[in-house]
Ligand SMILES: Nc1nc2c(c(=O)[nH]1)N[C@H]1C(S)=C(S)[C@@H](COP(=O)(O)OP(=O)(O)OC[C@H]3O[C@@H](n4cnc5c(=O)[nH]c(N)nc54)[C@H](O)[C@@H]3O)O[C@H]1N2
Ligand SMILES: Nc1nc2c(c(=O)[nH]1)N[C@H]1C(S)=C(S)[C@@H](COP(=O)(O)OP(=O)(O)OC[C@H]3O[C@@H](n4cnc5c(=O)[nH]c(N)nc54)[C@H](O)[C@@H]3O)O[C@H]1N2
Ligand SMILES: [Mo]
């Protein structure tokens with residue numbers, strides 16, 4: 001067996017260094033690369049079994065044309081030439097009759113490679129297609145962070161070994177960021193205390209010394225209550241506040257006036273003593289570190305949660321203390337601006353933008369002209385987008401021309417008129433940047449793609465040629481685009497070891513020891529951390545952090561239980577949803593419910609239940625557990641509709657309503673009712 005370095009392409013903060021074992025032209029093993037400084041040789045169970053997925057009969061190998069009704073998965077093979085010709089003719093007809101904006105690309109994060117992930121943009125810009133607003137994941141978190149810290153990078157997770165207090169806030173690291181754990185364990189061995197702030201007890205809870213559960217979306221109030229205590233008891237770093245922040249007195253005045261612990265206790269349901277203890281622990285720690293996940297950003301005013309949490313380390317000067325700080329994302333987009341791949345300049349005139357979380361609406365009752373064709377690549381919107389009822393209704397529209405570029409026959413691919421086979425990461429070249437650590441890494445293809453499968457970049461090259469686009473850009477291969485990405489003279493690329501990068505090694509960006517203050521100041525216009533942000537007034541958004549609850553909408557009033565729709569441990573979003581080993585490990589599609597809520601509904605352990613709201617319904621096995629507080633129910637994992645009993649996953653229950661300002665996804669801001677079905681699973 002020959003071993004080659006590679007990188008996990010999945011949408012996960014860890015972006016693991018891999019070693020792929022190749023024999024007779026096939027990847028036979030997938031292991032962690034012990035030389036990767038962050039992921040250090042171990043990988044998750046999902047990827048250990050990747051070779052079986054890669055070589056399985058599930059992989060699509062030739063283009064397919066639909067022969068049966070939409071959604072049934074009946075197809076026949078066609079050649080690539082035929083497939084491209086069909087697309088070109090259908091699209092030209094649509095462009096002539098409705099204009100190019102009637103064509104909508106839909107992609108997200110099946111691969112995080114900077115070239116393959118972004119390679120469709122240039123083509124769709126040149127075509128003049130509608131633009132997809134990519135809001136499904138972290139838009140809300142990013143906006144909130146920016147309001148306080150601009151484009152400042154996150155504090156290095158590796159540094160937590162020097163921290164004495166680590167708060168894991170709204171993140172199930174044991175499932176979604178497993179490489180956090182070795183650093184956490186090392187910190188604990190050196191005496192660090194670990195506190196988790198979440199809405200239920202998850203796989204991460206056993207790693208915490210203390211678990212603080214609050215009602216979903218009340219984090220801003222909790223953080224403001226902590227600030228009240230910090231300010232009242234003068235647990236502040238005055239020198240840091242003076243030199244590196246602005247707006248402290250306005251913040252202090254408001255927080256002292258409005259967020260006394262008694263009021264915050266009412267909002268969060270936490271005893272005043274717990275709140276005060278948390279604030280004092282934070283204020284007296286030598287180097288407190290906060291790792292915040294994306295869970296809270298799927299709340300109505302999610303941006304405010306991130307804006308407010310980002311202020312906490314500013315009060316105690318944690319940014320300058322070794323091991324202290326805050327991390328939501330590494331936030332290193334500035335290292336490798338993707339404009340050389342996405343080519344905004346190819347867009348001749350502005351086009352309409354369609355929010356990806358409102359795909360169902362866009363397909364069924366669009367604003368400003370119809371969507372007549374959808375081109376889906378490295379995404380599975382039938383399963384992952386909210387309001388599945390509407391999404392599936394849209395996808396089933398007989399007049400909608402759907403093309404899906406995929407590795408396997410997903411829920412979305414089943415609705416396609418044409419399915420195009422896609423290569424996987426060991427089969428194409430790319431460059432990877434992580435949103436959880438500070439290393440970049442380049443990959444080479446180590447095996448051929450199966451059958452006639454092609455990479456995203458190759459497919460857009462073929463389409464560009466079919467449309468007669470002569471721009472030089474469309475003739476470039478992945479290596480050339482990687483080179484262009486790396487040739488930008490950004491400060492974070494300065495001095496990196498190109499030879500190491502070419503050799504497939506993980507190379508640290510030029511972020512220094514303390515990324516948030518890499519340039520000596522925060523990356524806001526004034527260089528300060530903004531306790532008060534005057535620019536927000538123009539958006540009618542509070543200039544100083546403030547807690548505002550969302551009122552239930554009229555149709556929600558009939559549904560008492562708050563649903564959190566979290567990621568699954570063995571899945572990666574819906575990726576691997578069709579793998580039998582994954583399904584075995586995930587088990588039945590479950591809903592976690594408290595004893596109190598189960599008993600008033602006469603629901604027993606393991607019983608089949610119907611979960612429903614004004615948006616739809618789905619079946620689950622009830623898991624009655626102390627993990628969730630009364631009033632909250634939790635579903636972990638986005639299953640393929642086609643693979644669960646009843647044919648419906650949790651997104652039949654989630655709203656396409658966007659979050660405040662960011663218009664991001666609201667997967668954790670839904671209400672449901674649960675009803676027993678009188679059969680045991
Ligand atoms: N195994 C696995 N790993 C993954 C993924 C996956 O599907 N499976 N998905 C990947 C992707 S795309 C992403 S974006 C990340 C997602 O990962 P993150 O969103 O960063 O974190 P999660 O692990 O989902 O944990 C979110 C936590 O937030 C909690 N939560 C929800 N609402 C609130 C709230 O209002 N307040 C507080 N305090 N907590 C709240 C949830 O209960 C949950 O425990 O993970 C990535 N990694
Ligand atoms: N209920 C609920 N819904 C959620 C979430 C949740 O926590 N709860 N999480 C949300 C989040 S955070 C995100 S980021 C989205 C993710 O949504 P998506 O980005 O749609 O992610 P996946 O479901 O993993 O689908 C990715 C698909 O890309 C395919 N693929 C992989 N590599 C390639 C490639 O190189 N080329 C092509 N053409 N295809 C490829 C894979 O086979 C897979 O089917 O889901 C969101 N949906
Ligand atoms: Mo995500």
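The values are calculated or read from the model by the stated rules, or taken from the named source; none is laboratory data. Since the structure is predicted, the reported quantities are computational estimates derived from the model, not experimental observations. No Cβ is skipped: glycine too gets one built from the backbone with ideal geometry, and neighbour counts run over all protein chains shown.
Tell me, yes or no, whether region 262-283 has at least one residue that is within 14 Å of ligand 1 (Cβ to nearest atom), touching a residue at least 60 places away in the same chain (Cβ under 8 Å) and not assigned by TED's automatic domain parsing to the domain that holds residue 163.
No, there is no match, as no residue in region 262-283 is within 14 Å of ligand 1 (Cβ to nearest atom), touching a residue at least 60 places away in the same chain (Cβ under 8 Å) and not assigned by TED's automatic domain parsing to the domain that holds residue 163.
For residue 23, work out the one condition from (1) more than 19 Å from residue 112 (Cα to Cα); (2) within 14 Å of ligand 2 (Cβ to nearest atom); (3) free of Cβ contacts under 8 Å to residues at least 60 places away in the same chain it doesn't fulfil.
Among (1) more than 19 Å from residue 112 (Cα to Cα); (2) within 14 Å of ligand 2 (Cβ to nearest atom); (3) free of Cβ contacts under 8 Å to residues at least 60 places away in the same chain, the lone unmet condition for residue 23 is (2).
Condition first: within 16 Å of ligand 3 (Cβ to nearest atom) and either surrounded by fewer than 24 Cβ atoms within 10 Å (Cβ to Cβ) or at positive phi (or both). Now tell me which residues in region 140-172 satisfy that.
Across region 140-172, the qualifying residues are 142, 143, 170, 172.
Quick one: which strands (runs of 3 or more DSSP E) sit completely within region 591-681 and have at least 1 residues that are more than 15 Å from ligand 1 (Cβ to nearest atom) and over 23 Å from the mean Cα position of the chain (by Cα)?
By residue number, 607-612, 617-624, 670-680.
Counting only residues that are away from ligand 3 (no atom under 16 Å from the Cβ) and within 22 Å of residue 404 (Cβ to Cβ), how many does region 360-382 have?
Qualifying residue count for the region: 15.
Any idea how many residues of region 476-497 are loosely packed, with under 14 Cβ neighbours inside 10 Å, touching a strand residue (DSSP E or B) at 6+ places or on another chain (Cβ under 8 Å) and in contact (Cβ under 8 Å) with a residue 12 or more places away in the chain?
Selection size over region 476-497: 0.
For region 514-525, how many residues are assigned to a loop (DSSP other than H, G, I, E, B) and within 20 Å of residue 318 (Cβ to Cβ)?
Count: 8.
For region 377-450, which strands (runs of 3 or more DSSP E) that fit wholly inside it have 3 or more residues that are over 19 Å from residue 358 (Cα atoms), within 16 Å of ligand 1 (Cβ to nearest atom) and not assigned by TED's automatic domain parsing to the domain that holds residue 83?
In region 377-450, no matching strands (runs of 3 or more DSSP E) lie anywhere.
Being modelled with pLDDT of 95 or more and in contact with a helix residue (DSSP H, G or I) (Cβ under 6 Å, 6 or more places away or on another chain) narrows it down to one residue among 599, 656; which is it?
Testing whether each residue is modelled with pLDDT of 95 or more and in contact with a helix residue (DSSP H, G or I) (Cβ under 6 Å, 6 or more places away or on another chain) leaves just 656.
If I filter region 181-194 for residues that are farther than 22 Å from residue 561 by Cβ and either within 11 Å of ligand 1 (Cβ to nearest atom) or at pLDDT below 95 (or both), do I get at least one hit?
No, the conditions are met nowhere in region 181-194.
Mind listing just one residue for me: the one in region 558-582 that is assigned to a helix (DSSP H, G or I) and more than 15 Å from ligand 2 (Cβ to nearest atom) and, of those, modelled with the highest pLDDT?
558
Based on what the data block shows, is residue 358 closer than 30 Å to residue 391 by Cα and outside any strand (DSSP E or B)?
Considered against the rule, which asks whether it is closer than 30 Å to residue 391 by Cα and outside any strand (DSSP E or B), residue 358 comes out as yes.
Would you check if residue 532 is more than 16 Å from ligand 1 (Cβ to nearest atom), part of a loop (DSSP other than H, G, I, E, B) and closer than 30 Å to residue 673 by Cβ?
no
For (1) closer than 22 Å to residue 655 by Cα; (2) touching a residue at least 24 places away in the same chain (Cβ under 8 Å); (3) not assigned by TED's automatic domain parsing to the domain that holds residue 205, each residue gets a yes or a no:
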site: 583; (1), (2), (3): no, yes, yes
site: 592; (1), (2), (3): yes, yes, yes
site: 600; (1), (2), (3): no, no, yes
site: 609; (1), (2), (3): yes, yes, yes
site: 613; (1), (2), (3): yes, yes, yes
site: 617; (1), (2), (3): yes, yes, yes
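Kindly establish whether residue 120 is at pLDDT 95 or above, within 27 Å of residue 426 (Cβ to Cβ) and within 16 Å of ligand 1 (Cβ to nearest atom).
The answer is no for residue 120.
Here are some residues: 561, 529, 517, 572. Which one is surrounded by 15 or more Cβ atoms within 10 Å (Cβ to Cβ), in contact with a strand residue (DSSP E or B) (Cβ under 6 Å, 6 or more places away or on another chain) and within 26 Å of residue 173 (Cα to Cα)?
Matching residue, one of 561, 529, 517, 572: 561.
Which condition from (1) assigned by TED's automatic domain parsing to the domain that holds residue 377; (2) buried (at least 24 other Cβ atoms within 10 Å of the Cβ); (3) touching a strand residue (DSSP E or B) at 6+ places or on another chain (Cβ under 8 Å) is the one that residue 457 breaks?
(3)
Need the failing condition index for residue 612 against (1) within 16 Å of ligand 2 (Cβ to nearest atom); (2) under 29 Å from residue 11 (Cβ atoms), just the number.
Every listed condition holds for residue 612 apart from (2).
Checking residue 555 against (1) assigned to a loop (DSSP other than H, G, I, E, B); (2) more than 16 Å from ligand 3 (Cβ to nearest atom); (3) at pLDDT 95 or above, which test does it fail?
(1)
Taking the condition in contact (Cβ under 8 Å) with a residue 12 or more places away in the chain, surrounded by fewer than 19 Cβ atoms within 10 Å (Cβ to Cβ) and touching a helix residue (DSSP H, G or I) at 6+ places or on another chain (Cβ under 9 Å), does residue 224 pass?
no
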